[in-house]
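Student: Take this structure, written in structure tokens, and hold onto it; I'll ask about it next.
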Amino acid sequence: MTSMHLAVLRGSCGRDLILRTTFPLRCVPQGVPSISQKSKTTQIVASAVTVLFARFRMWTGLRDLHLANIAFPQLPVGDAAGLFPTLPALRTLYLGQATLVPVVPLAGLVCDPQMHSLTIVRLVDCYVESIWGPRLRRADLERAVLQAQCSEISLVTGGEHHDMALGRIRAVVRCEALTERIIGGDRADGIGVFE
């Protein structure tokens, strides 16, 4: 199996089961009464993200990764740098309904030369802060590349690499709004795709 759809980290699948597993899996809650899928709520909590992402490093053949309902930990920029693992075989990354998304490490992942197989990064209802703050836009990732160049952070170096990194982000990343709120927050207003 080369794909992973991780929907649950707590509950019937259990954190320990997922973190002990050394191969990609599909985790689906067991023993849930026959209620509509829409009425269940699951979340990958911030305290488990770094451990879970460290486990991904062992899954070198992982090609498609779909993570939803994820709360990233609030880490200082230096500590967050290695948050996203390098997965050379990864083709698609879907992050949905995510809060506190670390923009600089995500831009670093997309621009990583070892991630040459990565062709699609879908960021659906992803937020830089809470759900009441701004949604993540591709321009945020582009800005991270520009700031890295100005600050001489190792995300990209040199003008040629800078242009390649911006081109890579523009070609691969798609930021979308799926869930609209009635009032407040960063409203999509029917646009659906953010540049």
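Student: Tell me which of these Trp59 doesn't satisfy, since it passes every other one: (1) more than 27 Å from Thr179 (Cβ to Cβ); (2) out of contact with any Ser or Thr (no Cβ under 7 Å at 6 or more places or on another chain); (3) surrounded by fewer than 17 Cβ atoms within 10 Å (Cβ to Cβ).
Tutor: For Trp59, the exception is condition (3).
Student: From the residues in segment 81-120 that are free of Cβ contacts under 8 Å to residues at least 40 places away in the same chain and closer than 20 Å to Pro134 by Cα, which one is surrounded by the fewest Cβ atoms within 10 Å (Cβ to Cβ)?
Tutor: Applying the first criterion (free of Cβ contacts under 8 Å to residues at least 40 places away in the same chain) to segment 81-120 yields 81-88, 90-95, 98-99, 101-102, 105-106, 109, 112-116.
With the extra rule that they be closer than 20 Å to Pro134 by Cα, the set shrinks to 94-95, 98-99, 101-102, 105-106.
Values: Tyr94: 16, Leu95: 21, Ala98: 23, Thr99: 20, Val101: 20, Pro102: 22, Pro105: 21, Leu106: 26.
So the residue we want is Tyr94.
Student: Please name all residue pairs, on different chains or six or more residues apart, with Cβ atoms under 7 Å, provided the first residue is in segment 49-64 and is on the phi < 0 side of the Ramachandran plot and the second residue is among the aromatic types (Phe, Trp, Tyr).
Tutor: So the pair list comes out as Val49/Phe72; Phe53/Phe84; Trp59/Phe23; Leu62/Phe56.
Where a number appears in this text, it was derived from the coordinates with a stated rule and is not lab data. Owing to the predicted nature of the structure, the values given are computational and were not obtained by experimental measurement. Neighbour counts are summed over all protein chains in view; Cβ atoms, including those assigned to glycine, are modelled from backbone coordinates with ideal geometry.
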